[in-house]
Amino acid sequence: MNIIDVFYINKSEENAIPMSAYLKNNFPFLGLPRPKRNELQKTFIKEVKKRKEIDWSFVFKCWDLPEREFQYLAADYLLAMKSYTTFPK
């Protein structure tokens, strides 16, 4: 099961409503607060760090999904993988 499915399975409509309202209903939410997201993505982040290469298609896929937690996941993923970024000289 991939991390996106894990997030959808663990969504909470009860939490999603106030989370969306907090951001003026500009974004839909799954209702996963930061501690729950961290718990769900911990193993995923640990595994992807072993690859030592950023999967940009994963980042873009997360960014294109409507729920805000996926943009947070993409940001957390990139922070975890920051040592594998390369810049032109």
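Could you tell me whether Ser20 is at negative phi, without any contact (Cβ under 8 Å) to a residue 60 or more places away in the chain and exposed (fewer than 10 other Cβ atoms within 10 Å of the Cβ)? Taking the combined requirement at face value, the residue does not satisfy it. Suppose the filter is surrounded by fewer than 13 Cβ atoms within 10 Å (Cβ to Cβ), over 22 Å from Tyr84 (Cβ atoms) and not charged (D, E, K, R); does Met1 pass it? So Met1 passes the test.
Taken over the stretch 64-89, the residue count meeting the criterion of being basic (Lys, Arg) and either touching a Leu at 6+ places or on another chain (Cβ under 6 Å) or crowded, with 17+ Cβ neighbours inside 10 Å (or both) is 1. The number of residues in the stretch 38-63 being without any contact (Cβ under 8 Å) to a residue 40 or more places away in the chain and either exposed (fewer than 10 other Cβ atoms within 10 Å of the Cβ) or within 15 Å of Leu78 (Cβ to Cβ) (or both) comes to 16.
Readers should treat all values here as calculations from the given coordinates under stated rules, not as data from a laboratory. These numbers come from a predicted model, not from an experiment. So basically every Cβ, Gly included, is an ideal-geometry build from the backbone, and we count neighbours across all protein chains shown.
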